[in-house]
């Protein structure tokens with residue numbers, strides 16, 4: 001009689017343990033699904049929603065500029081730009097001095113510097129159907145994440161001897177430079193500033209270089225990592241820089257052009 005009672009109690013214990021394990025596994029599964037949904041929503045927000053917001057705001061700024069809402073050209077550029085989290089699509093230019101001027105770089109300077117978020121020009125890339133506002137600096141929060149192209153402090157202004165160098169996001173936040181790898185020699189890069197138009201022609205593309213390749217935005221742009229890439233004579237240049245490969249900030253993709261004569 002005692003053995004029978006003992007068997008019954010033992011069976012209930014096993015079922016209880018199994019039920020406890022099943023409940024734990026169910027709870028873990030629910031937690032994993034919840035975390036997965038939250039992560040998915042964050043990805044959608046980052047990749048899709050912020051991209052749509054920035055693109056819409058950038059297009060609106062282009063319309064305002066086209067209607068005559070030009071900000072003054074930057075005076076002296078601003079502080080030198082670094083390559084931390086706030087300049088993920090940029091390269092550093094150690095030649096920029098405390099005033100933001102690069103040696104031998106004399107562009108048109110009128111008025112006071114606009115706020116960093118104020119666009120003062122439009123960069124058009126006809127082959128890609130891109131028209132993006134240009135603002136001073138390559139800070140992520142105040143410039144690049146707004147869907148703008150950021151002008152490197154200390155580099156030349158459009159149409160002036162030297163190098164008009166800009167950075168832009170390749171992915172998310174308007175991604176204006178997403179497809180610049182498709183540009184080919186002879187493609188036009190058009191810059192509109194205060195009613196004046198400067199047309200550059202793509203000359204060279206550097207598919208990959210490091211974030212510290214300062215030569216690509218020098219007055220005479222030439223890679224110091226890949227010495228065969230770039231130019232050797234003074235001229236009127238434009239440089240576009242962005243991250244590569246896509247959805248990564250490990251390397252930089254560079255497109256160079258020269259002013260159309």
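For the residue pair residue 225 and residue 60, what label-to-label distance in nm results when each label sits 7 Å from Cα along the Cα-to-beta-carbon direction?
3.7 nm
For residue 246 and residue 32, FRET efficiency with R0 = 35 Å and r from the beta-carbon atoms, rounded to 0.05?
Values: r = 28 Å, r/R0 = 0.81.
Efficiency computed from Cβ-Cβ geometry: 0.80.
Only the coordinates and a few stated rules stand behind these numbers; no lab work does. Since this is a predicted model, take the numbers as computed values, not measurements. Glycine also receives a Cβ, built like all others from the backbone with ideal geometry; neighbour counts cover every protein chain displayed.
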